[in-house]
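Visitor: Please read through the structure below; I'll follow up with questions.
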There are 2 protein chains.
Amino acid sequence: MQSTSGQPNLRGRGPDSDVVMSCRVRLARNVAGFPFVNTATSQQQDELIHLLKNILLNNDLDEKLHWVDLTQSSSRERLLLVERHLISKQHAESEAHRAVALSRDETLSVMINEEDHLRMQVLAPGLQLEDVLTRINEFDDLIENRVDYAYDARWGYLTACPTNVGTGARFSVMLHLPALKITNEIERVRRAAKELQLAVRGYYGEGSESAGDFYQVSNQITLGKTEPEILGEFCERIVPKIIDYERHARRLLLEQNLSHLDDRVHRALGTLRAARLIGAEEAMRMLSRLRLGVTLGRIDGIRLDTINRLFLEVQPSHLQVHAGPGCAGNELREARASLIRSRLP
Amino acid sequence: MQSTSGQPNLRGRGPDSDVVMSCRVRLARNVAGFPFVNTATSQQQDELIHLLKNILLNNDLDEKLHWVDLTQSSSRERLLLVERHLISKQHAESEAHRAVALSRDETLSVMINEEDHLRMQVLAPGLQLEDVLTRINEFDDLIENRVDYAYDARWGYLTACPTNVGTGARFSVMLHLPALKITNEIERVRRAAKELQLAVRGYYGEGSESAGDFYQVSNQITLGKTEPEILGEFCERIVPKIIDYERHARRLLLEQNLSHLDDRVHRALGTLRAARLIGAEEAMRMLSRLRLGVTLGRIDGIRLDTINRLFLEVQPSHLQVHAGPGCAGNELREARASLIRSRLP
């Protein structure tokens, strides 16, 4: 696995990165002739793993992938992958024989035997879903040349859960919406998103809290529309609207509430630089405020990269890579505070 | 009035100044032949003021005093005197014709027509009550040469409130007890003090909260004992016991809870240095933690003087001296934060 700085999805160098941390396309695919994962026997799961490992690690692919057998890995290693948004919590905790294949830079990953046989994702910093879609489609085509996908001429790609049937594609963006949170307008955004049949989730996807004011917004409709249609609506209409709404809220803070804004963002930096013990939740909250301050030009001398990387580095399993696997409780809070101080001198 | 830095009682340079901010002796005296203030007519109050002004401003005294007619002064000026512990809240708000006489360095002050005709106080930094008592007794003798005090051979000095009859003397110390607060032992100290018939009050005396973890401890018995007896018990037995107790609690924090202690004191400094808006109460709380950190050697490069002075400078009326009398609300919180940052670069 790469060093934490190697993950581009949290580098925040892409378009609209003041609001969009990263974007992602995920495709759900299943292999014809095998039952879905939840009804497959252990033997069938093993067969699938064997089959897909051979295909994914084949040198003919442009993408050189690294294989992680999750059934063999420790729970700490699996949690590290969850923190890096490379596997889902469900995949980490599942009882199935399962694995993940990762590209060197971690922008491409394939979960094997999660809810579907294959769940491929491509991640990129900022908002650049067209490029991401192109890349994942090319990859998907390469795989499809080597295996029969479960596909129905009328319904499209068949998936374990009906919500994914059709294109099997899900587009999502990880948005940083601190100003909408401060101005209490985040609930309006949530309601509007719901009406547009979008899913709004927290930092770790389904069922997670919106730590650090991050909201993962994704389409829920995969049936009856083509990928370009879904993408067009999502990328050109919906996401820009939320981005504008957040930027508008940030302008209001600048124009109408500057002293409160400055107080909030400078205190956050002060706390991050001063704390000797800090929990993950507080660290995320303070980093979110700091990120707001930096994107609005209220705090100088701190790079957005540094902050984006810290969101990842303050997570428990990432900290344990440095501090040791047994590091917990106060010791972990101390290691977190110490790491943050070293990054924000 | 002197600049705020001129007040020695908050400079913290005296003995035991890690725990004792300042000490004070106050004498209550009344002039024979006049009713107590609360039953005196306006004319009698005026006569007293005239009489005492002549005596107190007389050049024969060693102490050159400055006269402030509180009936003529603004409520902001009176509040400034309260914040400097030179007059009581009651004296600031009273309806009586009243005044205060102050020495140049503000270590000696005489309230006229507070509860008693004269309430003299001498303040000093740290714990040095013997010297303070010597100085106030010399001053008292000078006054007594020029006016007849209400005195009874059996009861001693007569005062408006029976609790002050006898010596009329009250000894008090302003203690900084942050460790006893953190370890939740402050209530035990309060109870023990009560059993010893001591009064434990907040930063602004009677009825005030213990802002900044300051506790003003004073004797309540003035009858049936001589000043040296009261002082001996107070200074040699009681106050050293509380000081030891606080120091013991500080040692425990150092030995058993160092990371929490460091976290608390560094966060306080971080907040003070970062805040762009701060209220008086939060400022006092953070300064208290910072003071603890400095006295325990956990924070370098900040002088105790600076902190002690800030406790005074962050008070509303003191801030208004710089920021303008109309400065209030957010503007005042901004001025406070800005002043603190300039003092703690």
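Visitor: Once the label point is placed 7 Å from Cα along Cβ, list for B:Leu57 the distances to the corresponding points in the other copies, in nm, shortest first.
Guide: Here B:Leu57 shows inter-copy label distances of 9.9 nm.
Visitor: Take the rotation relating chain B to chain A, measure from its axis to every Cβ in chain B, and name the nearest residue with the distance in whole Å.
Guide: Value returned for chain B: B:Gly270, 2.
Visitor: Considering only the label points, 7 Å along Cα→Cβ from Cα, what distances in nm to one decimal separate B:Ser74 from the same position in each other copy, shortest first?
Guide: With the label placed 7 Å along Cα→Cβ, B:Ser74 yields 6.8 nm.
Visitor: For chain A, modelled as a Gaussian network with Cα springs under 10 Å, which listed residue fluctuates most, A:Gly14, A:Gly168, A:Gly270?
Guide: A:Gly270
Visitor: From the Cα gyration tensor of chain B, with a ≥ b ≥ c the square roots of its eigenvalues, which class applies: rounded if a/c is under 1.5, or else prolate if a/b is larger than b/c, or else oblate? Can you show the working numbers first?
Guide: On the way: a/c = 2.24, a/b = 1.43, b/c = 1.57.
Taking the square roots of the gyration eigenvalues as a ≥ b ≥ c, chain B is oblate.
Visitor: Could I have the simple spin-label model distance between A:Glu144 and B:Asp141, label points 7 Å from Cα toward Cβ, reported in nm to one decimal?
Guide: So the label points at A:Glu144 and B:Asp141 sit 10.7 nm apart.
Visitor: Could you order A:Thr295, B:Thr134 so the one with the most accessible surface comes first? Probe is 1.4 Å. Write down the numbers at each step before the final one.
Guide: On the way: A:Thr295 40, B:Thr134 75 Å².
Greatest to least solvent exposure: B:Thr134, A:Thr295.
Visitor: Along its principal axes, what span do the Cα atoms of the protein assembly as shown show, with the longest given first and each in whole Å?
Guide: 114, 47, 36
Visitor: Would you list, by chain and number, the lysines whose Cα falls below 27 Å from the Cα of B:Lys225, excluding same-chain residues fewer than 8 positions away?
Guide: B:Lys194, B:Lys241
Visitor: What number, in percent, do you get for the relative contact order of chain B if the mean sequence gap of Cα pairs under 8 Å and at least 6 apart is divided by its residue count?
Guide: Working: 602 pairs, mean separation 67.6, N = 345.
Relative contact order of chain B: 20 percent.
Visitor: About its Cα centre, how strong a charge dipole does the range A:9-249 have in debye, to the nearest 20, once Lys and Arg get +1 and Asp and Glu get -1 at the Cβ?
Guide: Working: 28 positive and 37 negative charges, 107 e Å.
Computed about the Cα centre, the dipole is about 520 debye.
Visitor: Can you give the extra length, in nm with one decimal, that the chain gains between A:Lys225 and A:Arg191 once fully stretched, where that is 0.36 nm per residue apart less the Cα-Cα distance?
Guide: Values: separation 34, 0.36 × 34 = 12.24 nm, distance 2.33 nm.
That works out to 9.9 nm of additional length.
Visitor: Got the A:Gln197 label distances to the other copies yet, label 7 Å along Cα→Cβ, in nm, shortest first?
Guide: From this label point to the equivalent ones elsewhere in the assembly: 8.4 nm.
Visitor: Then there is this: Distances over 18 Å make up what percent of all Cα-Cα pairs in the range A:258-343? Before the final figure, lay out each step's value.
Guide: Numbers: 1395 of 3655 pairs.
Considering the range A:258-343, 38 percent of its Cα-Cα pairs are separated by more than 18 Å.
Visitor: How large is the helix-only mean residue ellipticity at 222 nm for the protein assembly as shown, computed as the sum of -39500 (n - 2.57) over DSSP H runs with n ≥ 4, divided by its residue count, in deg cm²/dmol to the nearest 500? Can you show the working numbers first?
Guide: Details: 26 runs with 300 residues, N = 690.
Helix-only estimate at 222 nm: -13500 deg cm²/dmol.
Visitor: Hey, which lysines would be in cross-link range of A:Lys64, C-alpha to C-alpha under 23 Å, not counting anything within fewer than 8 residues on its own chain?
Guide: Filter leaves A:Lys53.
Visitor: Taking DSSP loops as anything outside H, G, I, E and B, show the longest stretch in chain A free of trypsin sites (Lys or Arg not before Pro) there with at most 14 other beta carbons within 10 Å. Display every interim value, and only then the final one.
Guide: Numbers: sites that count: A:Arg13, A:Lys64, A:Arg104, A:Arg146, A:Arg154, A:Arg303.
Longest gap between qualifying sites, sites excluded: A:155-302.
Visitor: Sort B:Trp67, A:Trp155 from largest to smallest accessible area, using a 1.4 Å probe on the heavy atoms of the protein chains.
Guide: Values: B:Trp67 40, A:Trp155 120 Å².
Largest to smallest exposure gives the sequence A:Trp155, B:Trp67.
Visitor: Which shape class applies to the range B:198-282: rounded if a/c is under 1.5, otherwise prolate when a/b exceeds b/c and oblate if not, where a ≥ b ≥ c are the square roots of the Cα gyration tensor eigenvalues?
Guide: On the way: a/c = 4.46, a/b = 1.70, b/c = 2.62.
It is oblate, given that a/c is not under 1.5 and a/b is not larger than b/c.
The values are calculated or read from the model by the stated rules, or taken from the named source; none is laboratory data. Since the model is a prediction, treat every value here as computed from it, not as a measurement. We place every Cβ from the backbone using ideal geometry, glycine too, and count neighbours over all the protein chains shown. With ligands, DNA and RNA removed, areas are computed over all heavy atoms of the protein, side chains included. Shrake-Rupley method; radii C 1.70, N 1.55, O 1.52, S 1.80 Å.
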